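> Pasting a structure below so you can have a look.
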Amino acid sequence: FKELELGLFVSDRRNQRRAAEKHTSPLTPNTHQPPKHTPTARAERRRAHPPVVFLKTHRTGSSTVQNILFRLGERESATFAFPSRTFQFNYPDRFRATFVDELPEGSSQFDLLCSHMRLDLREVRKVMPQNAVFITLLRDPIKTFESVFGYYTSTVPAFFTARRAAANEGKSALSVFLDSPEIFWDPKEPGNGLAKNPMSFDMGLNNQKWNGSWPEDLAQLEEAFQLVMIAEHFDESLVLLGALLGLKHEDLAYLRLNVRAGNSVTELDENMQAKVRSWNVLDTLLYDFFVQVFWEKAAQFGMERLKADVEQLKAFTEDVQRKCVSRTEVPPKELEDLLRPWQTETATIVGYEVQGNLSLQDQGFCIRMMLPELQYHSHLYFKQYGRDMRAWFPTYVLENPK
Ligand SMILES: Nc1ncnc2c1ncn2[C@@H]1O[C@H](COP(=O)(O)OS(=O)(=O)O)[C@@H](OP(=O)(O)O)[C@H]1O
């Protein structure tokens, strides 16, 4: 992280644009030296790890995993397969190879793909090298749906229609939606992908109803994905990820990112939980299937070894957190722009305050670990292409103005 320098972090978008005009990035020093990761340097290096496709599923903890991969890729001057516009591959369309930006000059292949998409395996394989490792992350379907609903209430049509109805009834939008979801859910509306079985949708499955191809589709996913991590066993997942990619604990230390403030989370009673489960029955099927696969992989790794490695990783991560973080759960208005996560109209996302008195190197490491998705994504994009991203706001916001 030597290329990171204190004082060169710009704290607002205007400065970022100014930096872009000067062909510098907010996270790189404004020196007259040539950039460290020139195309030539990229072509000459040999990466220690295999190429990775991380299917970034919505509201599962995927920004935390993406941040680990961003750090790894940046350190190794990996070439990222970025969307040619915005932060997502034309979501909610099914992924197509043409959604990926050009291979930068001097790179012979893409090494990492980890932006939001709706999966199409064949199309992803057109872009990534044959030896790419496929990984993803699933979360308890009830928690995932509650989080998806809370975060996207004002952007997913089925949800905001329920919200409008709820305002008239004086009830919560989620309970009105769950009472009769079919009323609000138009399956033909493309923006409703996340409204039912969101994880199945992201994995490219038929998320509307079970059909005969589901078992075969699941088997195909099991074969394609070397690791499906489970948010409820996050540290165990990271240990298995580390084993798969040859990573050390230093590479895997993390902060939970994109976390909603407590008052944005709805506690669900048993009745509501049952409704969420029944509306998202395919996600339950998907999740249960991959939890089983996960424990099979864990058994192959060795349960004792897994337990010991998890303890070590936890201890290491706690040390890093103590070193890096002076305050957790910081409300957005108290965060500088660089460290403020994207907010939605209905969810408050909290962040971190970095410790003072860190060495330059430690500051670079710590800030990267707490850098929200959009800021890190645009930083890496700029570093890779020497130009600013084509659009700052995610398409779903542009397409569904509040
Ligand atoms: N390590 C770890 N383990 C378990 N859960 C975690 C972790 N890191 C983040 N989170 C929770 O994941 C939610 C954010 O998910 P994403 O980053 O995938 O969201 S997004 O789709 O990119 O907006 C968000 O959930 P909610 O707070 O319930 O909304 C985070 O709190």
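> Kindly provide the set of residues from the stretch 210-238 that are more than 16 Å from the ligand (Cβ to nearest atom) and either touching a residue at least 12 places away in the same chain (Cβ under 8 Å) or surrounded by 15 or more Cβ atoms within 10 Å (Cβ to Cβ) (or both), ordered by number.
Those that are more than 16 Å from the ligand (Cβ to nearest atom) and either touching a residue at least 12 places away in the same chain (Cβ under 8 Å) or surrounded by 15 or more Cβ atoms within 10 Å (Cβ to Cβ) (or both): W210, W214, D217, L218, Q220, L221, E222, A224, F225, Q226.
> Something else about it: Which one is nearest to the ligand (Cβ to nearest atom), of the residues in the stretch 151-162 that are over 11 Å from E345 (Cβ atoms) and either open to solvent by 10 Å² or more (accessible area, probe 1.4 Å) or hydroxyl-bearing (S, T, Y) (or both)?
P157
> Tell me, which residue of the stretch 338-354 that is farther than 29 Å from F159 by Cα and open to solvent by less than 60 Å² (accessible area, probe 1.4 Å) is nearest to the ligand (Cβ to nearest atom)?
The qualifying residue nearest to the ligand (Cβ to nearest atom) is Y352.
Condition check ((1) within 25 Å of L380 (Cα to Cα); (2) part of a helix (DSSP H, G or I); (3) in contact with a helix residue (DSSP H, G or I) (Cβ under 8 Å, 6 or more places away or on another chain); (4) among the aliphatic types (A, V, I, L, M)) across all residues:
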| position | (1), (2), (3), (4) |
| --- | --- |
| Y91 | yes, no, yes, no |
| F134 | yes, no, yes, no |
| R164 | no, yes, no, no |
| G191 | no, yes, yes, no |
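> Working only within the stretch 50-101, note down all residues that are within 12 Å of the ligand (Cβ to nearest atom) and of a type in the set (D, E, K, R).
K56, R59
> Look at the stretch 112-127 and say how many of its residues are open to solvent by 10 Å² or more (accessible area, probe 1.4 Å) and either away from the ligand (no atom under 14 Å from the Cβ) or of a type in the set (G, A, S) (or both).
So the first thing to find is which residues in the stretch 112-127 are open to solvent by 10 Å² or more (accessible area, probe 1.4 Å), and the list is 116, 118, 120-123, 125-127.
Now restrict to residues that are either away from the ligand (no atom under 14 Å from the Cβ) or of a type in the set (G, A, S) (or both): 120-123, 125-127.
Going through the stretch 112-127 one residue at a time, the tally reaches 7.
> Answer yes or no as to whether F99 is surrounded by 17 or more Cβ atoms within 10 Å (Cβ to Cβ), over 30 Å from K275 (Cα atoms), among the aromatic types (F, W, Y) and at pLDDT 95 or above.
Answer is yes for this residue.
> Return the residues of the stretch 128-150 that are open to solvent by 20 Å² or more (accessible area, probe 1.4 Å) and either away from the ligand (no atom under 16 Å from the Cβ) or under 19 Å from I183 (Cα atoms) (or both); say none if nothing qualifies. Walk me through how you get there before you give the answer.
Within the stretch 128-150, the subset open to solvent by 20 Å² or more (accessible area, probe 1.4 Å) is 129-131, 139-140, 142-143.
The answer is P129, Q130, N131.
> Out of the stretch 296-316, which residues are surrounded by 15 or more Cβ atoms within 10 Å (Cβ to Cβ) and either over 25 Å from the mean Cα position of the chain (by Cα) or among the hydrophobic types (A, V, I, L, M, F, W, C) (or both)?
Across the stretch 296-316, the qualifying residues are A298, F301, L306, V310, L313, F316.
> Now for a different question. For the list (1) touching a strand residue (DSSP E or B) at 6+ places or on another chain (Cβ under 9 Å); (2) at pLDDT 95 or above, I need the number of the one condition that V148 fails.
Answer for V148: the failing condition is (1).
> Still on this structure, please answer the following. Could you please let me know if F184 is among the aromatic types (F, W, Y), buried (at least 19 other Cβ atoms within 10 Å of the Cβ) and under 26 Å from the mean Cα position of the chain (by Cα)?
Answer is no for this residue.
> Is one or more of the residues making up the stretch 195-206 open to solvent by 20 Å² or more (accessible area, probe 1.4 Å), more than 30 Å from V293 (Cβ to Cβ) and not hydroxyl-bearing (S, T, Y)?
Checked against the condition, which is being open to solvent by 20 Å² or more (accessible area, probe 1.4 Å), more than 30 Å from V293 (Cβ to Cβ) and not hydroxyl-bearing (S, T, Y), the stretch 195-206 yields no hits at all.
> Return a yes/no flag: does the stretch 296-309 have any residue that is in contact (Cβ under 8 Å) with a residue 24 or more places away in the chain, closer than 30 Å to R277 by Cα and more than 14 Å from the ligand (Cβ to nearest atom).
yes
> In the stretch 298-354, which residues are of a type in the set (S, T, Y) and in a helix (DSSP H, G or I)? Walk me through how you get there before you give the answer.
Narrowing the stretch 298-354 to residues of a type in the set (S, T, Y): 317, 326, 328, 344, 346, 348, 352.
Matches in the stretch 298-354: T317 only.
> Output the number of residues of the stretch 246-268 satisfying the condition of being touching a helix residue (DSSP H, G or I) at 6+ places or on another chain (Cβ under 8 Å), under 21 Å from V53 (Cβ atoms) and away from the ligand (no atom under 12 Å from the Cβ).
2
The values are calculated or read from the model by the stated rules, or taken from the named source; none is laboratory data. Remember, it's a predicted structure, so these values are computed and weren't measured experimentally. A quick note on method: Cβ atoms are made from the backbone with ideal geometry, for glycine too, and the neighbour counts reach across all protein chains shown. Just the protein is used for accessible areas: all its heavy atoms, side chains included, with ligands, DNA and RNA removed. Shrake-Rupley method; radii C 1.70, N 1.55, O 1.52, S 1.80 Å.
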